[in-house]
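Below: the structure, in structure tokens.
The values are calculated or read from the model by the stated rules, or taken from the named source; none is laboratory data. None of these values were measured; they are calculated from a predicted model. Reconstructed Cβ throughout: ideal geometry from the backbone, glycine too, with neighbour counts over all protein chains shown.
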Amino acid sequence: MRAPGPAQRRRRRTGERLFFLLCLASVLVPLAMLATLIGDVVLDGAGRLSWEFLRGTPSRRASAAGIWPALIGSLTLIGLTALLAVPVGVAAAVYLEEYGRRSRMAGIIEVNIANLAGVPSIIYGLLGLEVFVRLFGMGSTVVAGACTLALLVLPVVIMASREALRTAPDALREGAVALGATRWQAIRQVVLPLALPGILTGAILAVARALGETAPLIVVGAVVFITFTPDLGSQYTALPIQIFNWVSMPQKAFLDNAAAAIVVLLVVLLLLSSTAIFLRNKYQARL
Amino acid sequence: MSPHRTSTPGRARPKIVADEVTAGFGDKTVLRAISMEIEENRVTAIIGPSGCGKSTFIRCINRMHEQSPIARIAGRVLLDGQDVYDRSVDPVLLRRRVGMVFQKPNPFPTMSIRDNVLAGLRLTGTLRRKAATEVVERSLGQAALWDEVKDRLDDPGGSLSGGQQQRLCIARALAVEPEVLLMDEPCSALDPIATARIEDLLHTLRDHYTIVIVTHNMQQATRVSDRTAFFLGGDLVELAATDDLFTRPRDPRTEDYITGKFG
Amino acid sequence: MEQKRHTDREYEAELGRVRDNLLRMTGRVEQMIADSVEALLEGDTDLAQKAIEDDHKVNRLEVDTDDLCLLILARRQPLGSDLRFITLAMKMVTDLERIGDLAVNIAERAVALSGERPVGFESLLSRLAELDQAQLRGAIEAFVARDAAAAEAVCAADDQVDRLYLELAREAQEKMAGDGGVRIERAVHLQAVARFLERIGDHVTNLAELVIFLVRGKDVRHLGKLDDG
């Protein structure tokens, strides 16, 4: 094989450089767009951010409106959703991965979970309306909303947990069993601790998704205008719904409110993600 | 510290007896009617080419073979005269009497060195709190690892070198105080110095445990074992005192294998 | 008997070289025995000189073969029959080299006695030499064919060598005591040669015992004369 001549080398170099620049662009362009959007929102909403805004309740006067009920509603929702979805999701993943690996039923379940993850969220809203609100008689409360969202994010939790369980090498399971442990002892003491980072990541992803859902909540009866702090048995609202409501108002002042609420939402999201990353890194470092 | 192995000792009573053991996966048969005795407090080596069934055989002894959903087995394996496949035998309890060390060291990564050693006892819920320190020192001492890690027992199990990890796995297996130790090519992932350490370790363990070691390294078998079994294609071809099997084997297939005339 | 080949062809070649060296050494010392005895009986000093020089080649072969065996031990860590073969090759080489030295001794006596009249029992010497050569051939054929029975036959025939030697010794004694006209010096030399030939026979028996060990894995040396400690 002859060594490439100078012309060939130049062509190869420019080709390489072009490819590199293309990859760089596909990262920078969306980031730049995102930064612009966020920057725009922050600029619009920063002025409205204040302690009164956070503690206030919605009002017909834009300047007096606040997001306290929406904030509480959102936080309660994601808290309950996590409480419902994570244990069930992890347990399901453990069953599929550890006990039912070769059974027919496990195979069928696996296929369906992947499908469920892709179902439009409004369908879950309709399901929640019929089953939780009407059939179980929960009414249009936060609990019903949380159950609905839990169903929605369950496939995500299951899939993430399964992936996390898969990262535990079979050699470890074998080692535990060879020492005289039962299947369950091996899972609980060896496999689950190892899968914890992945499971946490999956849980946080699920919760983050639940935080941003609007359509299903509307279907199960989240209202828009609440002036009291919601509790488990009362009507409720959530941040995305509040934002949606303000954005549809004609007055510009409400747009500023919406921007401020978006900022709050982003901050909550950021806190959640940071916690997740922190926890994951902490557990990862042990390995 | 025990001196080097003396010339072939006399015969000991059989600790494990395999009686017409036939095993396989699905419709593939890996072991064919294996019958052999493994003597107590001796090291028995099993050699043979890849796929001859040596790993499957030892996994039949501690009932790890049945972990696979398509595994099947027939015949008896007697431990101290009792068939381990009898209905009344709990495989979980069996595995506390028969320990196993694997080819690739597998310390539990989320646990410290100390916790790794105690893992066997904790996993099975048999750890007495007060005895913990003593168990850790004894087991690591038996595995010739105590001096190297006594100052860092809280370091994670995965922070050790390959050879140390394997000795940690041996300590972990010994902490449960088994009667038998099964070793599946324990040195094949290790460098020569680590290998030499573990072989040296086997000389001292021999007095207290019955050891069965699967190895593809014939020179290792000559160095560490008292008796050697040669497996070929699922059959037991020859079982004899190690010194005899490697200097004047009886079966021509053994002769061909150990002189490299296969393939 | 069909011999399987080693998978590693270089190893197979190395073992082949050892075998070839042994065969060559045997051929050469056999020739040396024939030449030195003929030189003695014919008074041919040139032939005696040739035998003496041939010993250098034998020594070279000894050194080379030992080196080769050492390398094989280090590289291949032989087991089973290969292990027995290498260890016995190293011993065989020693025995063959001693036989070569003894033939040189005979050739030296041939030079010392050249131009002298024969004394009477030269035919016995000739027969003893032929017996030695036949034994040597028998041992090496048993080695090549891995035939333990043939090797045993060689061991058993050592009695013949001993008897022939005793006969020679007696003849020499008689000649020296009786016939005043015989040069005692010549008789003494010839008796020495007979002793050399008898020792050659012992070394050949050693070779045969080693062949039995190679084939059967049983050490038959010093049977009945081992201290059980």
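Listed values, structure above:
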read-out	value
Tally of residues being part of a loop (DSSP other than H, G, I, E, B) and surrounded by fewer than 18 Cβ atoms within 10 Å (Cβ to Cβ) across region B:249-261	2
Residue within region B:164-176 that is more than 15 Å from B:Ser112 (Cβ to Cβ), without any contact (Cβ under 8 Å) to a residue 60 or more places away in the chain and assigned to a helix (DSSP H, G or I) present	yes
Region B:221-243, subset assigned to a helix (DSSP H, G or I) and in contact (Cβ under 8 Å) with a residue 40 or more places away in the chain, residue farthest from the other protein chains (Cβ to nearest Cβ)	B:Val224
All positions within region B:211-220 that are buried (at least 19 other Cβ atoms within 10 Å of the Cβ) and at the interface with chain C (Cβ under 9 Å from one of its Cβ atoms)	B:Met218
Conditions (1) within 14 Å of chain A (Cβ to nearest Cβ); (2) surrounded by fewer than 23 Cβ atoms within 10 Å (Cβ to Cβ); (3) in contact with a helix residue (DSSP H, G or I) (Cβ under 9 Å, 6 or more places away or on another chain); (4) not small (Gly, Ala, Ser); number of the one not met by B:Met183	(2)
Scan of region B:80-109 for residues that are surrounded by 14 or more Cβ atoms within 10 Å (Cβ to Cβ) and over 15 Å from the mean Cα position of the chain (by Cα), ordered by number	B:Asp80, B:Asp83, B:Val84, B:Tyr85, B:Val89, B:Pro91, B:Val92, B:Pro107, B:Phe108, B:Pro109
Residue match in region A:130-138 (condition: of a type in the set (Asp, Glu), more than 14 Å from chain B (Cβ to nearest Cβ), over 23 Å from A:Val111 (Cβ atoms) and within 27 Å of the chain's Cα centre (by Cα))	yes
Selection count where residues are more than 28 Å from A:Pro155 (Cβ to Cβ), touching a Gly at 6+ places or on another chain (Cβ under 8 Å) and crowded, with 18+ Cβ neighbours inside 10 Å, scope region A:61-90	4
Among the residues listed as C:Val111, C:Val104, the single one being at pLDDT 95 or above and either under 23 Å from the mean Cα position of the chain (by Cα) or polar (S, T, N, Q) (or both)	C:Val104
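Per-residue answers, yes or no, for (1) at the interface with another protein chain (Cβ under 9 Å from one of its Cβ atoms); (2) within 23 Å of A:Gln284 (Cβ to Cβ); (3) not in a helix (DSSP H, G or I):
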residue: A:Leu165; (1), (2), (3): no, yes, no
residue: A:Gly180; (1), (2), (3): yes, no, yes
residue: A:Ile187; (1), (2), (3): no, yes, no
residue: A:Ala195; (1), (2), (3): no, yes, no
residue: A:Gly198; (1), (2), (3): no, yes, no
residue: A:Thr201; (1), (2), (3): no, yes, no
residue: A:Ile204; (1), (2), (3): no, yes, no
residue: A:Leu217; (1), (2), (3): no, no, no
residue: A:Val223; (1), (2), (3): no, no, yes
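Conditions (1) within 14 Å of another protein chain (Cβ to nearest Cβ); (2) surrounded by fewer than 19 Cβ atoms within 10 Å (Cβ to Cβ); (3) aromatic (Phe, Trp, Tyr); (4) assigned to a helix (DSSP H, G or I), marked per residue:
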residue: C:Val29; (1), (2), (3), (4): no, no, no, yes
residue: C:His56; (1), (2), (3), (4): no, yes, no, yes
residue: C:Arg60; (1), (2), (3), (4): no, yes, no, yes
residue: C:Thr65; (1), (2), (3), (4): no, no, no, yes
residue: C:Arg84; (1), (2), (3), (4): yes, no, no, yes
residue: C:Ala110; (1), (2), (3), (4): no, no, no, yes
